[in-house]
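Worksheet: one structure, shown below.
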Amino acid sequence: MVTRVSTVAFEGIEARAVDVQVQISPGTVAFTIVGLPDKAVAESRERVRSALIASGLALPAKRITVNLAPADLPKEGSHYDLPIALGVMAAIGAMPSDALSGFTVLGELALDGSITSVAGVLPAAMAAVERQHGLICPEACGSEAAWASSELDILAPRSLIQLANHFKGTQVMSRPEPAIMPASGALPDLRDIKGQESAKRTLEIAAAGGHNLLMNGPPGAGKSMLAQRLPSILPPLSPRELLEVSMIQSVAGLLADGALSNRRPFRAPHHSASMAALVGGGLNARPGEASLAHHGVLFLDELPEFQPQVLDSLRQPLETGEILIARANHRVTYPSRFQLVAAMNPCRCGQATEPGYVCRRQPNERCIAQYQARLSGPLLDRIDLAIEVPAVTAADLILPPPEEGSAQVAARVAVARKRQEARYASLQKGITTNAACPPALLEEVAQPDSDGLSLIRDAANAMRLSARGFHRVLKVARTLADLDGEDQVRRIHVAEALSYRAHADRRSAA
Ligand SMILES: Nc1ncnc2c1ncn2[C@@H]1O[C@H](COP(=O)(O)OP(=O)(O)O)[C@@H](O)[C@H]1O
Ligand SMILES: [Mg+2]
């Protein structure tokens, strides 16, 4: 007889149904797992054997065959331990065989029979809801699973024995509750930054419209400081975004104690990051920083120091909002709609734009040009706001802290975001910010008044704006109008939007 237990295999954040079939037949004593298992799955055998023995169950001296179906779907990870163990237990009569039907099962076993946490419980729980199954998962992941649906029947046992007792009716388990992570400490506040008023204004615009931002300035100007304060002015995740972000974190195994956080992700990988670290891939095709920054911020400090190929791999997600990882035998996509914030020095020495500075190796212009050349045009073309951050002056530094802090800026950002959500809700699904608005729709919602139109027409000629550059100006102008609470994009908005473009064009011409 064959016993069956349902579990899942992950393809990106999708959980595909996998059937664990266990057969115990007379013959040579053996325990084999077939169905394209990777190394962690093959090792499952040893953990299952020990865990069953520790739980007081001996494996029968027979031939045990475990098949993971469908056989052509690669099985990666350690979460097959629990479904295999339960399948064996049902096959030897240690558990009523019908108890498991209607459950999707995942979890890793320790040698002592306890069930330890695994990655991907949230997507597995969502898949269980879709299949109208219950879910059996490790105790530590119970509160994560509870987010999937309030209807979902969840068993989150600590050990095999506890689960067996539950089915016997001697120790009934209660359903875990969804948990939200307590906000851990205050975020750094904009009030710490003295002077730099125009950079702060740009940061506010970037936050309001979800625009990509590049800051260029000498070392010590406060670029890193500014970027680190962006999370403090961004609105919290909406419930739908929260679930999407958490699915990615779940698959990456980053949800501590199953608690979710509604703070927007802020990922700041070091410039030595590899391609796999940034866009994903490697063992188990894990999500990279660009996916972990989904609905949040990807901050690349010292942008030109990243390897050029690594930076160019970001062009795909910047355009489409997702990342495709092709493996030998399957493809995986991860959502990856992030806001790119980058900082850079003007040249390798960092001081070339300072008045009176003379580069020792070569003329300043060439030093700047060489450093800028490390960034490809198409990448720069995807940046809506490019600003120069001048060095802070001593006069700024001795000022008292500014009146206005992150709380006030965040309030204005929140209002502007609400306006955008309301506008796009009726126009196009899945779009919530001006930065994500497609060009066709943009021409409809960001049509400037006649003064604005003539300004943008003249500027487009004078600055030789590309089509993409033209749309970027419109997007930023739309955000500026939203910050002003206006439905009509006016000349003043277009003019300010063009000023954030001028820097970019001057730089690429240098
Ligand atoms: N505008 C500013 N107000 C207050 N302190 C500043 C400011 N700019 C820079 N600093 C100080 O200089 C340090 C370096 O700033 P940082 O953001 O790392 O510069 P950058 O990234 O531009 O090289 C900060 O830790 C802070 O102490
Ligand atoms: Mg810095």
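The values are calculated or read from the model by the stated rules, or taken from the named source; none is laboratory data. In this text the structure is predicted, and so the values were computed from the model without any measurement. Neighbour counts run over all protein chains shown; Cβ positions are idealised from the backbone, glycine included.
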Checklist outcome for this item: Residue pairs qualifying under the 9 Å Cβ cut-off, at least six apart or on distinct chains, with the first in the stretch 185-197 being exposed (fewer than 14 other Cβ atoms within 10 Å of the Cβ) and the second being outside any loop (DSSP other than H, G, I, E, B), are Ala186/Ser232
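Among residues belonging to the stretch 366-398 that are β-branched (Val, Ile, Thr) and under 29 Å from Asp192 (Cβ atoms), point out the one that is surrounded by the fewest Cβ atoms within 10 Å (Cβ to Cβ). I'd like the intermediate steps shown before the answer.
Initially, the stretch 366-398 is screened for residues β-branched (Val, Ile, Thr), giving 368, 383, 387, 389, 392-393, 398.
Narrowing the set further to residues that are under 29 Å from Asp192 (Cβ atoms) leaves 383, 387, 389, 392-393, 398.
Details: Ile383: 21, Ile387: 23, Val389: 19, Val392: 18, Thr393: 11, Ile398: 8.
By that ranking, first place goes to Ile398.
Does at least one position in the stretch 229-236 carry a residue that is outside the structural domain of Ala127 (by TED's automatic domain parsing), closer than 29 Å to Ser117 by Cβ, out of contact with any Gly (no Cβ under 9 Å at 6 or more places or on another chain) and surrounded by fewer than 16 Cβ atoms within 10 Å (Cβ to Cβ)? Write out each step before concluding.
Our first condition is that a residue be outside the structural domain of Ala127 (by TED's automatic domain parsing); within the stretch 229-236, this holds for 229-236.
Then drop every residue that is not closer than 29 Å to Ser117 by Cβ, which leaves 231, 236.
Still in the list and also out of contact with any Gly (no Cβ under 9 Å at 6 or more places or on another chain): 236.
Still in the running and surrounded by fewer than 16 Cβ atoms within 10 Å (Cβ to Cβ): 236.
Within the stretch 229-236, one or more residues are outside the structural domain of Ala127 (by TED's automatic domain parsing), closer than 29 Å to Ser117 by Cβ, out of contact with any Gly (no Cβ under 9 Å at 6 or more places or on another chain) and surrounded by fewer than 16 Cβ atoms within 10 Å (Cβ to Cβ).
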Checklist entry - Hey, among Asn212, Asn216, Asn165, which residue is away from ligand 1 (no atom under 16 Å from the Cβ), assigned by TED's automatic domain parsing to the domain that holds Leu385 and modelled with pLDDT of 90 or more? => result Asn212
Checklist entry - Just to be sure, is Pro123 more than 24 Å from the chain's Cα centre (by Cα) and either crowded, with 17+ Cβ neighbours inside 10 Å or assigned to a loop (DSSP other than H, G, I, E, B) (or both)? => result no
Checklist entry - Out of (1) over 14 Å from the mean Cα position of the chain (by Cα); (2) touching a residue at least 40 places away in the same chain (Cβ under 8 Å); (3) away from ligand 2 (no atom under 16 Å from the Cβ), what's the single condition that is false for Gly296? => result (1)
Item to check | Extreme residue, nearest to the chain's Cα centre (by Cα), among residues of the stretch 253-269 that are modelled with pLDDT of 90 or more and assigned to a loop (DSSP other than H, G, I, E, B) | outcome: Pro265
Checklist entry - For the stretch 1-81, which strands (runs of 3 or more DSSP E) that fit wholly inside it have 1 or more residues that are within 23 Å of Ala124 (Cα to Cα) and among the acidic types (Asp, Glu)? => result 2-11, 14-25
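Select from the stretch 366-380 the residues that are part of a loop (DSSP other than H, G, I, E, B) and either in contact with a Ser or Thr (Cβ under 7 Å, 6 or more places away or on another chain) or closer than 19 Å to Gly350 by Cα (or both) and list them in ascending order. Step through it out loud before you land on a result.
Just the residues of the stretch 366-380 that are part of a loop (DSSP other than H, G, I, E, B), to begin with: 373-376.
Result: Ala373, Arg374, Leu375.
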Next on the checklist: Suppose we filter the stretch 351-371 for residues that are within 37 Å of the chain's Cα centre (by Cα) and either more than 17 Å from Ala221 (Cβ to Cβ) or among the charged types (D, E, K, R) (or both); how many remain?
Outcome noted: 3
Checklist outcome for this item: Residue pairs qualifying under the 6 Å Cβ cut-off, at least six apart or on distinct chains, with the first in the stretch 108-122 being among the charged types (D, E, K, R) and the second being surrounded by 20 or more Cβ atoms within 10 Å (Cβ to Cβ) and part of a helix (DSSP H, G or I), are Glu108/Asp81
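Yes/no matrix, rows are residues, columns are (1) on the phi < 0 side of the Ramachandran plot; (2) surrounded by fewer than 20 Cβ atoms within 10 Å (Cβ to Cβ); (3) in a loop (DSSP other than H, G, I, E, B):
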{"position": "Ala440", "(1), (2), (3)": "yes, yes, no"}
{"position": "Leu453", "(1), (2), (3)": "yes, yes, no"}
{"position": "Ala460", "(1), (2), (3)": "yes, yes, no"}
{"position": "Leu465", "(1), (2), (3)": "yes, yes, yes"}
{"position": "Gly469", "(1), (2), (3)": "yes, yes, no"}
{"position": "Val473", "(1), (2), (3)": "yes, no, no"}
{"position": "Asp482", "(1), (2), (3)": "yes, no, no"}
{"position": "Ile492", "(1), (2), (3)": "yes, yes, no"}
Checklist outcome for this item: With criteria (1) in contact (Cβ under 8 Å) with a residue 40 or more places away in the chain; (2) within 16 Å of ligand 2 (Cβ to nearest atom), Met225 comes up short on (1)
Item to check | Neighbours by Cβ (under 8 Å, 6+ apart or cross-chain): first from the stretch 465-486, within 11 Å of His211 (Cβ to Cβ) and in the same structural domain as Val413 (by TED's automatic domain parsing); second in a loop (DSSP other than H, G, I, E, B) and modelled with pLDDT under 95 | outcome: none
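Looking only at the stretch 381-438, how many residues end up being assigned to a loop (DSSP other than H, G, I, E, B) and either at positive phi or not β-branched (Val, Ile, Thr) (or both)?
First pass over the stretch 381-438, keeping only residues assigned to a loop (DSSP other than H, G, I, E, B): 382-384, 389-393, 398-405, 428-433, 437-438.
So of that shortlist, the ones also either at positive phi or not β-branched (Val, Ile, Thr) (or both) come out as 382, 384, 390-391, 399-405, 428-430, 437-438.
Matching residues across the stretch 381-438 total 16.
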Checklist entry - Which is within 25 Å of Gly282 (Cβ to Cβ) and assigned by TED's automatic domain parsing to the domain that holds Ala208, of Pro390, Pro317, Pro346? => result Pro317
Checklist entry - If Met181 passes every condition in (1) crowded, with 16+ Cβ neighbours inside 10 Å; (2) more than 15 Å from ligand 1 (Cβ to nearest atom) but one, which one does it miss? => result (1)
